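Read-outs throughout are calculated quantities, based only on the coordinates presented, and are distinct from any laboratory measurement. Because the structure is a prediction, the values reported are computed rather than measured. Here the Cβ positions follow ideal geometry from the backbone for every residue, glycine too, while neighbour counts run over all protein chains shown.
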Amino acid sequence: MKLYLYLLVMAGVTYLIRMLPLAFFRKKITSPFLLGVLHYMPFAVLGTMTVPAIFTSTGEPISAVAGFLVALLLGLKRRSLIEVALAATAAAYVTSLLLQAF
Amino acid sequence: MEAYGYREGLRDGLPIGLGYLSVSFGFAIWAVKQGIPGLTLILLSGTNLTSAGQVAGVTVMAAGGLLIELALTEFIINLRYALMSVTLTQKLSPTFSLWQRMLAAFFVTDEIFAVSSTRKGLLTFPYMMGLGCLPWIGWTLGTALGAFAGELLPAALSAALGIAIYGMFMAIIVPGALEEQGVLLAILAAVGLGLALRYVPLFRFLSEGFVIIISAVCGACVAAWLKPVQAGEGDA
């Protein structure tokens with residue numbers, strides 16, 4: 001039951017954030033600080049969610065570090081979201097197979 | 001000014017949908033391991049259509065967190081959609097009615113925003129519906145496949161897929177950090193503070209959801225204070 005309350009809250013909050021500005025906003029934000037906070041927020045969120053969680057995401061640190069390094073390298077080369085996600089997965093997979101083999 | 005219809009929207013949404021399919025597959029495998037039932041995950045993906053918010057939400061759910069904690073976490077993490085929605089209002093065709101705006105808003109994600117906001121000309125309602133269609137199917141279907149067929153994969157492969165969603169996050173933040181010092185600052189400040197809040201024993205009472213909220217808000221404020229953004233730049 002609590003799971004469905006969680007679902008309701010998540011879907012509701014996420015939808016309202018998207019909908020209220022799109023449906024009703026008619027002005028422009030001009031404060032450089034506020035514009036900055038809104039602009040930087042996604043990067044700050046994704047950063048703190050990725051590090052350190054990425055290093056435990058495969059259940060074992062060495063393959064996770066391999067996946068992290070590949071993602072970093074391809075990110076620096078500005079590859080697409082899907083390419084980076086799959087390459088990081090492949091690197092972690094191959095590393096874990098190598099670890100098992102030796 | 002050119003206007004685009006449903007078919008153009010579908011075509012633009014196809015690569016996004018394929019990307020979402022594989023990332024949500026990894027997300028579902030990871031989320032099932034956190035103890036969330038598969039059906040709940042499908043409903044979650046179908047009603048939320050967001051990666052970072054769902055990862056954070058599952059983290060809070062798995063820890064049995066408070067509803068207010070969950071709501072605040074989603075609010076902070078998804079706040080960027082408010083800015084994207086505001087930006088999109090500037091490009092909507094005048095034929096958009098209120099209920100059409102309310103429907104189109106459901107499909108505002110980073111990738112859909114990126115594609116629609118960089119399209120030349122005005123955005124029509126059919127175009128936005130076409131654009132949202134395949135990403136929504138891909139995200140929900142990938143979640144279902146990961147939740148129910150994920151067990152069929154070899155253990156090593158399903159473990160490795162746990163990193164897919166974080167790989168996608170890095171594909172968003174690393175190029176951003178390359179382009180703008182402010183973005184790099186925001187990431188470093190948020191990660192640094194996040195590590196401190198997670199590993200300094202004094203802060204052990206903070207749950208993961210609140211760590212994300214506090215470190216992200218502080219990181220974004222530090223960057224905005226040192227590198228404010230003038231209107232008209234950096235709205236993508």
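Here are some notes:
- Taking GluC sites (Glu not before Pro) across region B:152-236, the ones in a DSSP loop with at most 16 further Cβ atoms lying within 10 angstrom of their Cβ are B:Glu233.
- Size of charge dipole - region B:105-236 - debye, nearest 20, with Cβ of Lys, Arg +1 and Asp, Glu -1, no other charges: 120
- Cα convex hull, region B:39-164: 126 Å³ per residue, rounded to a whole number.
- Other protein chain Cβ atoms within 10 Å, averaged over every residue that makes up B:182-189: 5
- Cα principal axis extents for region B:6-61, largest first, Å: 39, 19, 18
- Listed residues B:Gln181, B:Leu153, B:Gln90: farthest to the positive end of the dipole of the protein assembly as shown (Cβ charges): B:Gln90
- Split chain B at each of the trypsin sites (Lys or Arg not before Pro) in a DSSP loop with at most 11 other beta carbon atoms within 10 Å, and the longest piece is B:1-119.
- Evaluating 6.51 cos²θ - 1.76 cosθ + 1.60 at θ = phi - 60° for every residue in region B:175-186, the Karplus couplings come out as x, x, 5, 5, 7, 9, 4, x, 5, 4, 4, 4 Hz, glycine and proline recorded as x.
- A viscosity of 0.890 mPa s and a temperature of 25 °C, combined with the Kirkwood radius over Cα pairs in Stokes-Einstein, give a translational diffusion coefficient for the protein assembly as shown of 122 µm²/s.
- Working note: Debye formula, equal point scatterers on the alpha-carbon atoms of chain B, no solvent; log10 I(q)/I(0) at q = 0.09, 0.13, 0.15, 0.16 Å⁻¹ is -0.42, -0.89, -1.16, -1.28.
- Its alpha carbons considered, region A:2-101 gives a radius of gyration followed by a Dmax of 19.0, 61 Å.
- Principal-axis tilt of helix A:32-50 within chain A, Cα atoms, nearest 10 degrees: 30
- Annotation note: trypsin sites (Lys or Arg not before Pro) in region A:9-52 located in DSSP loop regions with a Cβ neighbour count of at most 13 within 10 Å are A:Arg26, A:Lys27, A:Lys28.
- Estimated dipole of the protein assembly as shown in Debye, rounded to 20 [Cβ of Lys and Arg +1, of Asp and Glu -1, Cα centre]: 500
- In terms of its C-alpha gyration tensor, region B:114-236 comes out oblate, because a/c is 1.5 or above while a/b does not outweigh b/c.
- Residue (of A:Leu73, A:Ser57, A:Gln100) at the positive-pole extreme of region A:2-101, dipole from beta-carbon charges: A:Leu73
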